[in-house]
Structures are given as structure tokens and as C-alpha cells.
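The values are calculated or read from the model by the stated rules, or taken from the named source; none is laboratory data. From a predicted model like this one, the values you see are computed outputs, not experimental measurements. Note that each Cβ is placed from the backbone with ideal geometry, even for glycine, and that neighbours are counted across all protein chains shown. Remember, those area values only see protein heavy atoms, side chains included, never the ligands or the DNA or RNA. Shrake-Rupley method; radii C 1.70, N 1.55, O 1.52, S 1.80 Å.
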Amino acid sequence: MEKLWTGRFSKPLDKIVSEFNSSISVDGRMYKEDILGSIAHVKMLANQGIIAAGEAEKIAAELAKISEEIEAGELEIDSDAEDIHSFIEGELTRRLGESGKRLHTARSRNDQVATDTRLYVKGKVSQISDALKSLIGTLCELAEGHKDTIMAGYTHLQMAQPITFGSHLMAYAFMFVRDLGRLTDCRNRMDYSPLGSCALAGTTFNIDRQATAKTLGFRGITENSLDGVSDRDYCIELASAIAIIMTHLSRFSEEIILWCSWEFKYIELDDAYATGSSIMPQKKNPDIAELVRGKTGRAYGNLITLLTMMKGLPLAYNKDMQEDKEALFDSIDTVSDCLRVFTDMLATMTVLKGNMAKAAEKGFINATDCADYLVKKGLPFRSAYKITGEIVAYCIQNGKSLNALTIEEYKGFTELFEGDIYAAIDLKTCVMSRKSEGGPAPESVMAQIAKCRAALSKYEIKDTDN
Ligand code: ARG
């Protein structure tokens, strides 16, 4: 395929250099956006009297045909082309001759690629947001079902205090709600059309940038032509938002992996979401969670790639920027895949409530409640803490739990203990009474679920937003 820049050059590009320079294998996926951008552009050119209306119509119709043919698999994107922009323009010219050559009036690939990428990425952000919403929805449902499932809460991976599995799940739900907010912010900031910035310095033609922005569903235009072609903040912001989503998924994955171990056995993954070993017949491995945890590295790497690529670039467009898409698209694909499998894995797992409850009996997670009991009987917290510490040490020495001590044993530490201590340190009581806002008690969990669901509807992306 002939290069777009013929005229000045006396020989063709070296073959290896041509391959090195090409981005079609990465940007080919933006063919629809490229064609939409070109149709909007050519119609605007006609409306502004820059090219004849009849010619514009012909170009727009042929572009639409090219799009349909690629979609239907009838037209293959030429892997030898430099990029998707040259491929589409070349194909148009091959079909229409002279008319096709008019499309690129008052435009450059620099504003073209920036426009295509924003359009493409905007669509992807909406899809990722939908995937997040479905994950959050699944978490809310699970949490509702486990609002009173008692489990040990941990700090330092040491059993700490009793919580409900529902409250543990809602912690993740709220992380993902924040992720949704980050995606929405970043989508709003990228929603401005750079088309018409041209190579860097706008154009002498009387173009209408507002019109193309409106046709393409952008909320406005970028205000400076140099910035328009060389801004990649939106790529960095999205890669960063995705990296944070992956952090959350990775933390969750780590817990899933732990919970699947025989040492914990809090959950059992569905057979369709776990794998076996080629040698050890007993194994059932949580590969999905491990892969999600592992793929987090890619998302971090892509973010660093983008930041480093942009660092120190002079204005305006530089070819370095062609590298943006490979990194960003990989982050988009990775998080999309991860969110889908992770959500399905959660929805199909079995929660082994009995094991959670049994494990919670160990580890003295009601020790704080024992101290609180003494405080309620009038002792200062620090003194109550010390006595309870001594009781725990006694229990460890004698292989007992707090619930198994006799009232005489309790009274040996302080006369303040009475028969009601047993109810006070019963795990169920301990959880039920932790009903402070945001706490693990069933009613607090239900309040969190309601708030979370209300937050979801706030992030509804309307059709008019594209
Ligand atoms: N393939 C290029 C990219 O993705 C398109 C812009 C090329 N512009 C140029 N002046 N060479 O960045």
C-alpha cells in the first residue's frame, strides 16, 4: 500500500522500518471510530462549503460501506498498512479515486488518532463501568445473604474481632464504588473533541469544530490545538483507574486463595471456576484468583509505560505517542476479562458458614468484648484490657476458650464478673451489638447495601452521553 506522504521522498521506506513504524496491529480495532470521525469531518466540510455537498455524500456513504464490510468480515484490514487511518483513507481512495483524496482536507492524523482513541476509550470505559456494576451487584446480593454469617475479622492476618461475612464483602463493594467514581471522572474529562486541531496549529479553512464534536457525541471541544493533539492525560488517568481496580481485585484474590486453603476452608469454588493438578489427584486450585492477582502486574506496568512515554516530550505530537494504545488497550482488555471471570467465580462459590463459625471460636476474637464488659461494669478501659489479657494468657496455658471458663475462674480475676459474662462474649451477641454505622451487625450491613445500591444508580451513563 502506498504511503500517505509520497512526493517528498525518492524511495520507499525500508521494509523492516515499515514494520517497525506500523501500528495497524494495535490500532486496527479502532476502525469504527476512525470511520465515524471521518464521516463527521466530511459532512462538516460540506456544510462549511469547503467541499461540494455531493462529493461529501459520496465519501460518507462509501465510508459507511467500508465500515460494514469490515464488520461483516468481507473486507480485511491490510496488516501491511501503516495504521488504521492510512488504511481507511487508502481504501476510500482506491474506491472513489479523486473524491477520496479530498477527505483529509483540514485534518491531520494527529487530531484524527486523538479523536479516534478518545471515542474508542469512552465506549470501553462504559463497558468497564457496567462490569464493575455487575460485580458490585453480586457483592451486595452475597452480602445480603450473609449479613449474619459470623466470621473472624483480621488485622495483621491475626484473628482480631468478630464480624459478618456480609460486612467483609461490603468492604470490597465500596472499593469498587470508588473505582466507578474514578472511571466516571476520567470519562468526563476525556469527553472533549480534539478534531480540528489538525497537525498542531489548527487550519486556515473555516471549519466548525463544535459541529463535529456534537455529531460524535462529545460534550465539547479541546481548547488548544497543540494540547488537543498531544494530550494523553486521559490514557494515563484511565490506566491509573484500572491499576487501582486491579489492586482491589488482587487483594480480594489473595483472600479467595487463602479461604480456599485447607487451613481456612471458608469457601469452596465451583468446579467450573477451579482447576486440578496434572500429578496431584487431590488438588483443586484457585487459578482464576491467582491469575487475576498476577495480571495486576500488567496493569501497573502499562501505567508506568504511559507515564514514562509522556515524560519529557516536547509539544506537540511526537511518534512516541503511538505507543499509548498498546499499553492502554492491554489494561482495558485485562481489567475487562478479570472483572468478568471474577464476578462469575464469586457468584458461583459456596460459602462454608460452619467452617467460618468454627474458626471464629478460636483466636479469642471476643477478648475486646470481655474487656468492654468490664468497662460497662465500671472499670477504666486500660485496666479492663490488662485483666482480659491475663485471662487470655490463662486460657492459653490451660487450653481453654473464654466461653469455657467457669464463673469461679472469672471471679478469680475480678469480682466484677457475673453470670451475664457468657452472653456478653457470645460471638453472636458480639457481632449483633456492633451496630455502629458502618459496622458488621446485620442491620448495619443492610444499611450499607442500601447505600451502595443507591450509589450505583448515580453512575448510570445515559445514552446521550454516548
Ligand atoms: N499511528 C499514529 C499514532 O498512533 C497516527 C498519527 C501519526 N502522525 C504522524 N504525524 N506520523 O500515533
* Using only the alpha carbon atoms of the range 344-435, find the Kirkwood hydrodynamic radius as the inverse mean reciprocal pair distance, in angstroms to one decimal. => 14.3
* **the chain - accessible surface per residue (Å², probe 1.4 Å)** => 48
* To do: First measure r as the distance between the Cβ atoms of Q158 and D337, then evaluate 1/(1 + (r/R0)^6) with R0 = 30 Å and state the FRET efficiency to the nearest 0.05.
  => 0.30
* How many nm is it between the label spots at M446 and S383, if each spot is 7 Å from the Cα in line with the beta carbon? -> 4.0
* Structure fact -> Only helices counted: for the chain, with every DSSP H run of 4 or more residues adding -39500 (n - 2.57) and the sum spread over all residues, [θ] at 222 nm is -20000 deg cm²/dmol
* Asked: For the range 151-254, max minus min Cα coordinate along each principal axis, in Å, sorted largest first?
  -> 70, 21, 17
* Asked: Where does helix 31-47 land angle-wise versus the long Cα axis of the chain, in degrees 0 to 90, nearest 10?
  -> 50
* Structure fact -> Length gained, E418-D208, 0.36 nm per residue minus C-alpha separation, equals 67.3 nm
* To do: For the chain, evaluate the Debye formula with one uniform point scatterer on each Cα (no solvent term) and list log10 I(q)/I(0) at q = 0.07 Å⁻¹, rounded to two decimals.
  => -0.53
* To do: Determine the order of R453, R182 by accessible area, beginning with the largest, at a probe radius of 1.4 Å.
  => R453, R182
* Asked: Could you give the angle, 0 to 90 degrees to the nearest 10, between helix 53-72's Cα long axis and the longest principal axis of the Cα atoms of the chain?
  -> 50
* Structure fact -> The answer for G153, listing residues at least 5 apart or on another chain whose modeled amide H is closer than 5 Å to its amide H, is A160, Q161, I163
* Given K43/K101; K386/K435; K265/K295; K353/K377, which pairs have Cα atoms separated by over 22 Å? -> K386/K435; K265/K295; K353/K377
* Structure fact -> Distance in Å, no decimals, from the C-alpha centre of the range 271-323 to the one of the range 378-443 is 46
* Considering only the range 137-261, percent of DSSP beta bridges that pair antiparallel, nearest 5 -> 75
* Structure fact -> Simple SL model, points at 7 angstrom along Cα→Cβ for K353 and S277; separation in nm is 3.3
* Nonlocal amide H pairs with S193, under 5 Å, H built at 1.01 Å -> G220, I221, T222
